[in-house]
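The values are calculated or read from the model by the stated rules, or taken from the named source; none is laboratory data. A quick note: this is a predicted structure, and the numbers were derived from the prediction, not measured. Cβ coordinates were reconstructed from backbone atoms using ideal geometry, including for glycine residues, and neighbour counts include every protein chain displayed. To get the accessible areas, we keep the full protein, side chains included, count just its heavy atoms, and leave off ligands, DNA and RNA. Shrake-Rupley method; radii C 1.70, N 1.55, O 1.52, S 1.80 Å.
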Amino acid sequence: MVNKEIVVVGAGPAGLAAAIEAAKAGGEVLVADLNILPGGQLFKQIHKFFGSSAHRSGTRGIEIGRQLLAEAEKYGVEIWLNSAVIGLYDDRVVSIEKGLNSGEKELINIKAEKIILATGASENVVRFKGWTLPGVMGAGAAQTMINVNRVKPGNKVVMLGSGNVGLIVSYQLMQAGCDVVALVEAAPNIGGYGVHASKIRRAGVPVYTRHTIIEAKGTDRVKEVIIAELDDSWQPIAGTEKVLEADVVTLAAGLKPISDLARLHDLEMVYNGVFGGWVPKHDENMESTQSGIYVAGDTTGVEEANTALEEGRLAGIAAAESLGYIAEKDAKERKDDTWKRLDGLRMGPFGEKRMYAKNEILACFPARS
Amino acid sequence: MSKDLDDDMFVCRCEEVTVREIRQAIAEGARDVVGIKRRTRAGMGLCQGRTCEKMVQQILSQELGISPEETGTSSARPPVKPVDFGTLAKGVQ
């Protein structure tokens, strides 16, 4: 058993931001991530972010990832890659399957004083006949293939879902040389930002709103995709079927928080539809119902990179404060500033419902004994 | 979401559990994700339900007229990620 002050699970924006804040204050921080590259989803985001200058608008996600990583290294954060956290046991013992340079793995249990869970989210699937055929995948998976691994998932793509992920990944698939033959959306209107939707429309992608996929057909992989129009109760209308020739179906149907480690350590959970499912309850320090275990980012409710980053900062500051590295007054100021920026990110037609959802979660936190 | 789901469609692809088996489990008394898991093994494969749990929740709420929240969630057990026996056999540091 090895001792560490702070163990962060996940090297995405939330985990890296938490690690930076805690290490900057003087804490000893280890970050474990199961991927071979740090940065979480940031390294897939080749487009420029927008928002306020405080959130590096105009900077590409991949660049934000590089900056975070450089900062983490500057403050001496230890990062273990290719290292999955496989268990979380009583009294904050973190079990890690550490990836070694030799390619082998070894199991290491770490006794942590503070744990920050920033495990992110996983993609939802959509069920239709043939959804298990090779060629059907999450939009995020396709984005990893083209932007990280530089492999085309296929040639002709049907994208299901027109939220920002569906729109952005459609555009990036075209940049990678794929033909997006249809953007299919069950709702009457496109879900994502107008700026992303316009790019798709200008590129001439056929958009089918009030439609869904009925079936993906093929023997050993997708060859054809059947779509149909939906009626007011979201049921396919017989006779409206269209057959599209395609070898890839990408699903952009939202994400759900990854909470298995939280449940292993008996963190109290609460269901929240806006945030994608079950999430750990937490207070304004991002501390869970288990003392010394903090949560941040999509694992506390699916939002976006900037909210994840700010929540990570909160968790990092709070963990460092409780270890005595930051004085209460200083910590309070920094946490208040972070909450102000978070409130700013949760405004407007897209953000407001997330503000309410977050307030509901904060409100249900039980009094600490 | 189409009501008339094809009975032969896979829900849990790791354990190859179909819609028919999920419906059968509900007919036998399963009322939540854990009940389905115990009867059919849905969610007990490599991905530990990461892919199918939401679909199981949807089928449960559709068939029983309950909210997704009422369908619960499966219990988590270590290891939450697959570990090969060779690594386990070397012991823990």
>> Heavy atoms only, 1.4 Å probe, whole protein assembly: order A:MET1, A:MET286, A:MET145 by accessible area, highest first.
In response: A:MET1, A:MET145, A:MET286
>> If you count only protein heavy atoms and use a 1.4 Å probe, how large is the accessible surface of A:LEU100, to the nearest 10 Å²?
In response: 60
> Hey, what's the Cα Rg ratio for segment B:2-89 versus the globular rule of thumb, 2.2 N^0.38 Å?
Replying inline: 1.13
> So which cysteines of the protein assembly as shown have no other cysteine's Cβ under 4.7 Å from theirs?
Replying inline: A:CYS178, A:CYS364, B:CYS14, B:CYS47
> Between A:ASP343 and A:ALA187, what is the spin-label point distance in nm, taking each point 7 Å from the Cα along the Cα→C-beta axis?
Replying inline: 2.7
> Quick one: Cα centre-to-centre distance for segment A:259-278 and segment A:101-149, in angstrom?
Replying inline: 18
> How high is the relative contact order of chain B, in percent, with contacts defined as C-alpha pairs under 8 Å that are six or more residues apart?
Replying inline: 24
> Restricting the count to DSSP beta bridges whose residues both fall in the protein assembly as shown, what percent are antiparallel, rounded to a multiple of 5?
Replying inline: 50
>> Is the C-alpha gyration tensor of segment A:154-257 telling us rounded, prolate or oblate? Criteria: a/c under 1.5 is rounded; beyond that, a/b larger than b/c is prolate, otherwise oblate.
In response: oblate
> When the dipole is taken about the Cα centre of segment A:214-256, and only Lys, Arg (+1) and Asp, Glu (-1) are charged at their Cβ, what size is it in debye, to the nearest 20?
Replying inline: 220
>> Compute the distance from the alpha-carbon center of segment A:287-340 to that of segment B:1-71, in whole Å.
In response: 36
> Which chymotrypsin sites (Phe, Trp or Tyr not before Pro) from segment A:234-288 combine a DSSP loop assignment with at most 14 other Cβ atoms within 10 Å?
Replying inline: A:TRP234
>> Among A:ILE86, A:TRP339, A:GLN45, which residue has its Cα furthest toward the positive end of the charge dipole of chain A, with +1 on Lys/Arg Cβ and -1 on Asp/Glu Cβ?
In response: A:GLN45
> Under unit Cβ charges (Lys, Arg +1; Asp, Glu -1), what dipole magnitude, rounded to 20 debye, does segment A:68-114 have relative to its Cα centre?
Replying inline: 40
>> Shape verdict for segment A:38-144, please, from the Cα gyration tensor: rounded (a/c under 1.5), prolate (a/b greater than b/c) or oblate.
In response: oblate
> For the protein assembly as shown, what is the mean residue ellipticity at 222 nm derived from helices alone (per DSSP H run of n ≥ 4: -39500 (n - 2.57); sum divided by total residues; nearest 500 deg cm²/dmol)?
Replying inline: -9500 deg cm²/dmol
> To the nearest 100 Å², how much accessible surface do chains B and A hide from each other in total, with a 1.4 Å probe?
Replying inline: 3300
> Over chain A, what is the mean sequence separation of C-alpha contacts under 8 Å (at least six apart), divided by residue count, expressed as relative contact order in percent?
Replying inline: 18
> Which value, in debye to the nearest 20, gives the size of the charge dipole of chain A about its Cα centre, when Lys and Arg are +1 and Asp and Glu are -1 at the Cβ?
Replying inline: 1000
> What pairs in A:LYS105/A:LYS340; A:LYS199/A:LYS242; A:LYS129/A:LYS152; A:LYS98/A:LYS353 have C-alpha atoms more than 32 Å from each other?
Replying inline: A:LYS105/A:LYS340; A:LYS98/A:LYS353
> When only DSSP loop residues count, what trypsin sites (Lys or Arg not before Pro) in segment B:40-93 have their Cβ near at most 16 other Cβ atoms within 10 Å?
Replying inline: B:ARG41, B:LYS90
> Of A:ALA18, B:PRO79, A:ILE361, which is farthest on the positive side of the dipole of the protein assembly as shown, counting Cα position, with +1 on Lys and Arg Cβ, -1 on Asp and Glu Cβ, and the Cα centre as origin?
Replying inline: A:ALA18
> Cα gyration tensor of the protein assembly as shown, axes a ≥ b ≥ c as square roots of the eigenvalues: rounded (a/c below 1.5), prolate (a/b > b/c) or oblate?
Replying inline: prolate
> In chain A, which helices (entire DSSP H runs) extend 18 Å or more along their own long axis, judged by Cα positions, while averaging at least -0.5 on the Kyte-Doolittle scale?
Replying inline: A:61-74, A:305-322
>> Of A:MET174, A:SER291, A:GLN143, which is farthest towards the positive pole of chain A's charge dipole, taken about the Cα centre with +1 and -1 on the beta-carbons of Lys, Arg and Asp, Glu respectively?
In response: A:MET174
>> With θ taken as phi - 60° and the coefficients 6.51, -1.76 and 1.60, list the Karplus ³J(HN,Hα) couplings across segment A:280-289 in order, rounded to whole Hz; mark glycine and proline as x.
In response: x, 5, 8, 9, 6, 8, 6, 8, 7, 6
